[in-house]
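Nothing in this text is a laboratory measurement; each read-out follows from the coordinates by a stated rule. None of these values were measured; they are calculated from a predicted model. Counting neighbours? That spans all protein chains shown, and the Cβs are built from the backbone with ideal geometry, glycine included.
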Amino acid sequence: MFNRLTLLRDGLPPPPERDEYGDFYVVAGAFGSVCVTAHTACAIEAALDANHPVQWLTFRDRSGSRIRVRACDVRSLCESTAEQRSFDRRMDRAREREEQADRREWEDD
């Protein structure tokens with residue numbers, strides 16, 4: 001893990017950025033949504049499934065930001081792989097093609 005402020009202070013270049021999103025999990029709730037690694041998602045899931053659940057969850061997102069939320073505010077924890085997102089995009093395009101094929105000429109206004 002690196003700290004961008006330290007790199008900036010020391011005059012070092014930032015590490016190269018990744019060209020793709022890759023696989024991750026999305027933690028969502030009253031606080032919004034946050035992307036986390038599979039390792040972090042497993043830790044969150046274990047904390048939520050514990051016999052005596054914690055009141056607060058503290059974790060880091062994929063970019064390294066420290067996040068602290070009430071456990072009761074977590075509403076979902078969803079896997080998002082590159083393959084799943086690709087399939088979703090293909091489905092969206094197929095749905096759009098179907099809708100365009102169903103349109104009448106007068107509906108293009």
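Round to the nearest 0.05 the FRET efficiency obtained for residue 60 and residue 95 when R0 = 41 Å and r is the Cβ-Cβ distance. Taking R0 as 41 Å, the efficiency between residue 60 and residue 95 is 0.70. Fewest neighbouring Cβ atoms within 10 Å first, the residues 31, 59 line up as 31, 59. For the chain, the longest principal axis of the Cα atoms and the long axis of helix 38-49 meet at an angle of about 80 degrees. Charge dipole of region 21-104 (Cα centre as origin; +1 on each Lys and Arg Cβ, -1 on each Asp and Glu Cβ, all else neutral): 300 debye, rounded to the nearest 20. Between residue 33 and residue 6, the modelled label-to-label distance comes to 3.2 nm, taking each label 7 Å out from Cα in the direction of the beta carbon. Over the chain, Cα pairs under 8 Å with separation of 6+ residues give a relative contact order of 25 percent.
If you wrap the tightest convex hull around every Cα atom of the chain and split its volume per residue, you get 194 Å³. GNM remark for the chain: springs join alpha carbons under 10 Å apart, and the peak mean-square fluctuation among 70, 90, 60 falls on 90.
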